[in-house]
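Accompanying notes for the structure given below.
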Amino acid sequence: MVKWSYALTDFACKIINNEHAEEVFTLYPDGVGTRYLRGYYGSGWHENQEFIVINRPGRRASDALHAQAVTFHSPDGRSQAPEWPRPGLSLTGWPQVISVVNLGNGPRPFMVTPNAPTQVKVWAEPYLDKPDVFNSYPHWPVTRGMLTSWLDDPALFANPTHSNLANLVNDPVESTTTRKDFLWLIGMEHTPFPDEATEARTCGGCWLEPGDLRVISGATYTGYSQQERAYMLTADAGAESCRLELFPAAGVPVRNPAFVVKGWGGSSSVTVPGATRIHTGREGDAFVVFVEGTFAGPTAVSIAR
């Protein structure tokens, strides 16, 4: 878990309206986790998400991206694969969005929204007269002092640049008059483009529909936490073992589940039939179990001292 706190500033590093934010990233050994953003502001709309590629000097976004730079999937099976420089698309009516950035032949970043996006913007037309099929800016703050405007001179690509692809802005998961909380699932898809984004869709599916967890003995189940991407439990006082059964939702297999057992001390052994690997660790007084594997049916989980 990583916590990042920062002020909201303009390009001159002046803090705006005393606004600030903090983010907590919770990540697991499979490279998938969550980004939880808490923004302390009451002054209206703020952009909090954008897919951006940073280009080193001498490189353009088209050197790293496929023309179908972002692929969008919905949990109910719909897909959109817009192609630059005219990437028309519509995500109207989608309950959530699983987005995959098609970066080269290596791992591809992905993001899952917990609810429907309230704004979708793709950055392309009417900027078709630029030196690349993707738009590019001077990359602030590395090129501080340059105007943040579309690059139309190929010579400017000798400096660091960045290219923005799309925004998906969604409603907060919680809010007050002075604070807004946002949440996303983030990770890396390892199947190469243009293969189906199996990891993103499977991890996203069970994050949105985690199924059910039943306790047989040793603990109390307090619910699934989207923020921690984990099934949350509290250990019974004096329990020497904890026995659970995981029930995936119909048609939604659970991939790489995590279990957080608060109040469980000491070393323990964990058994999960069908697991390819099991990782354990501690966060404060909590015992964390991360299980690698995909589980489509009822699965037993046993923790013993």
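Taking Cα atoms, how many degrees apart are the long axis of helix 198-208 and the longest axis of the chain, rounded to 10 and kept between 0 and 90?
Between helix and principal axis, roughly 60 degrees.
Given 0.36 nm per residue, what is the gain on full extension from HIS279 to ASP63 after removing their alpha carbon distance, in nm?
Length difference between fully extended and current span is 74.0 nm.
Considering the dipole of the chain built from charges on the beta carbon (Lys and Arg +1, Asp and Glu -1) around the Cα centre, which of ALA250, TRP264, GLN49 is farthest to its positive end?
TRP264
I'd like the projected area of the chain, averaged over all directions, using the convex hull of its alpha carbons. Report it in nm² with one decimal.
17.5 nm²
Run the numbers on region 2-206 and let me know its relative contact order in percent, using alpha-carbon pairs under 8 Å that are six or more apart.
RCO, region 2-206: 25 percent.
FYI, it's all coordinate maths here, none of it is from the lab. Bear in mind that the values here come from a model prediction, so they are computed numbers and not experimental data. Heads up, the Cβs are rebuilt from the backbone with ideal geometry, glycines too, and the neighbour counts pull from every protein chain shown.
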